[in-house]
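A.B. asks: There's a structure below that I have some questions on.
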Amino acid sequence: MAQEIEHTQLPVRGLSLHVAQVGKDELGTVVFLHGFPEIWYSWRHQMQAVAAAGYRAIAPDSRGYGLSDQPPEHEEASWEDLVADVLGILDALSIPKAFVVGKDFGAMPAYDFALRHPGRTRGVACLGIPFSPVPFDFAGTMPEGFYPLRWRQPGRAEADFGRYDVRRVVRTIYVLFSGSEVPVAEQGQETMDLADGSAPLPEWFTEADLDVYAELYENSGFGYPIRMPYGSLDKMATQLDARFEVPVLMVMGENDYVMKLPGFEAAVRGGMMAGFAPDLKVAFVPEGSHFVQEQFPAQVNELLLAFLKDHP
């Protein structure tokens, strides 16, 4: 039987961050970091699974997302803030050490937290994005219509999204990002034009699920979520000498369009990550999309629980 997820607002570094929690932490704590256009709710299946196995699951809305406070408008978005927020959450809840799980852009602070705070990290598991020792730079390697290149331009995504209500924006992105092809707009097209309102949701994502996302993004808007990550990809740290001192799990969906981005296949299948993570396991979910943890929760839960139990 599913346990009830509790919701709290934690004061962390001058902001009130919304945190969803479930479980008793008999075996430890797992912190889940979401991506875009996701929110704490995108980890609902994994939270219940680790709680049932004896762990405490914690999933915050990232700063500027959902029910968490917006940072000051004049404040530049930074990856360092996301890492410091994780540390602040652990300190606020008196948690000495935790597993950290990240998805999409949430993988970057998960990796960085493990590198900077190995003494507070039992292990790190990431979905959809491999570790990169240099900032992601798609200029020159991807078409101009590739959505991160468009959305990093000041005002471009805001104008594109602003033509529709929040629910339609989230719906369109879920439809596009759940496919196996890289979303690229043509000349004279915007990203939101790549799927119309009649396009069906993926079968594993219901209208009720969409309602939850829409309500949370109605609260936060898309202003900060566009700045972090898309306006900040070039601000990722260069870490050519990075070395993980903790176990690392990398999970990819076989049909995730991310695998078609330059360098990603080599990072995941070619052994590049192993050079930075001596204790690395890479797992693939057949037919899995970019939202593999929602699409195939049983398979992802099995991989995650095995990783947790292998590193008591």
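A.B. asks: Explain nothing, just the number: relative contact order of the stretch 48-139, from Cα pairs under 8 Å at least 6 residues apart, as a whole percent.
C.D. replies: Working: 84 pairs, mean separation 18.4, N = 92.
Relative CO of the stretch 48-139 lands at 20 percent.
A.B. asks: Sticking with this structure for a sec: Of VAL258, LEU233, HIS290, whose Cα points farthest to the positive end of the dipole of the stretch 166-312 (charges on the beta-carbon: +1 Lys, Arg; -1 Asp, Glu; origin at the Cα centre)?
C.D. replies: Going by the charge dipole, the pick is LEU233.
A.B. asks: At 0.36 nm per residue, and after removing the present C-alpha to C-alpha distance, how many nm does the segment from ASP193 to THR238 gain when stretched out fully? List each step's numbers first, then the result.
C.D. replies: Working: separation 45, 0.36 × 45 = 16.20 nm, distance 3.45 nm.
Contour length minus the Cα-Cα distance gives 12.7 nm.
A.B. asks: While we're on this one: Stick to Cα atoms and the Kirkwood definition of Rh, then tell me Rg/Rh for the stretch 14-140. Walk me through the numbers on the way to the answer.
C.D. replies: Values: Rg = 14.2 Å, Rh = 14.8 Å.
On the Cα set of the stretch 14-140, Rg over Rh gives 0.96.
A.B. asks: Nearest 20 debye, what's the magnitude of the dipole of the chain about its Cα centre given +1 on Lys and Arg Cβ and -1 on Asp and Glu Cβ?
C.D. replies: Around 780 debye, computed over the chain.
A.B. asks: Arranged from highest to lowest average of other beta-carbon atoms within 10 Å per residue, in what order do the peptides 229-238, 42-51 appear?
C.D. replies: Output ranking for 229-238, 42-51: 42-51, 229-238.
A.B. asks: Does the stretch 1-47 classify as rounded, prolate or oblate by the C-alpha gyration tensor (a ≥ b ≥ c root eigenvalues; a/c under 1.5 gives rounded; else a/b over b/c gives prolate, otherwise oblate)? Mind dumping the intermediate values first?
C.D. replies: Working: a/c = 1.83, a/b = 1.27, b/c = 1.44.
Verdict is oblate for the stretch 1-47.
A.B. asks: For Cα pairs less than 8 Å apart in space and 6+ apart in sequence, what is the mean separation divided by the residue count of the chain, i.e. the relative contact order in percent? Intermediate values should be presented prior to the final figure.
C.D. replies: Working: 588 pairs, mean separation 61.5, N = 312.
Relative contact order for the chain comes out at 20 percent.
A.B. asks: Which residue, ALA92, SER68, VAL22, has the largest displacement toward the positive end of the dipole of the stretch 10-101 when charges sit on each Cβ (Lys, Arg +1; Asp, Glu -1)?
C.D. replies: Farthest towards the positive pole: VAL22.
A.B. asks: What is the stretch 190-312's relative contact order, in percent, from Cα pairs under 8 angstrom and six or more apart in sequence?
C.D. replies: Numbers: 90 pairs, mean separation 31.4, N = 123.
Dividing the mean separation by the residue count of the stretch 190-312 yields 26 percent.
A.B. asks: When the accessible area of the stretch 190-311 is computed with all protein chains present and a 1.4 Å probe, what percentage of it is carbon and sulfur? Don't skip to the end; give the middle numbers.
C.D. replies: Numbers: 2680 of 5280 Å².
Reported share for carbon and sulfur atoms: 51 percent.
A.B. asks: Binning at 5 angstrom from zero up to the longest distance, how are the C-alpha pair distances of the stretch 189-276 distributed in percent?
C.D. replies: So the P(r) values, bin by bin, are 3, 8, 10, 16, 20, 17, 12, 11, 3, 0.
A.B. asks: How big is the Rg/Rh ratio for the chain, C-alpha atoms only, Rh by Kirkwood, two decimals? Working shown, then result.
C.D. replies: Numbers: Rg = 18.1 Å, Rh = 19.5 Å.
Checking Rg against Rh, the ratio lands at 0.93.
A.B. asks: Quickly work out the GLU265-to-GLU207 label distance, labels modelled 7 Å from Cα along the C-beta direction, and quote it in nm with one decimal.
C.D. replies: 4.0 nm
A.B. asks: Go through LYS24/LYS97; LYS281/LYS309; LYS103/LYS235; LYS260/LYS309; LYS235/LYS281 and tell me which ones have a Cα-Cα distance over 21 Å in this structure. Before the final figure, lay out each step's value.
C.D. replies: On the way: LYS24/LYS97 15 Å; LYS281/LYS309 14 Å; LYS103/LYS235 19 Å; LYS260/LYS309 32 Å; LYS235/LYS281 28 Å.
Exceeds cut-off: LYS260/LYS309; LYS235/LYS281.
A.B. asks: For the chain, what is the calculated [θ] at 222 nm in deg cm²/dmol (nearest 500), taking -39500 (n - 2.57) for each run of four or more DSSP H residues and dividing by its residue count? All intermediate terms of the calculation are to be shown ahead of the outcome.
C.D. replies: Working: 11 runs with 99 residues, N = 312.
Using -39500 (n - 2.57) per qualifying helix, the result is -9000 deg cm²/dmol.
A.B. asks: Of TYR164, TYR217, TYR257, which has the largest mean-square fluctuation in a 10 Å C-alpha GNM of the chain?
C.D. replies: Most flexible of the set in this elastic network: TYR164.
The values are calculated or read from the model by the stated rules, or taken from the named source; none is laboratory data. Just so we're clear, the structure is a prediction, and the values are computed from it rather than from any experiment. We place every Cβ from the backbone using ideal geometry, glycine too, and count neighbours over all the protein chains shown. The accessibility values were calculated without ligands, DNA or RNA, using every heavy atom of the protein model including side chains. Shrake-Rupley method; radii C 1.70, N 1.55, O 1.52, S 1.80 Å.
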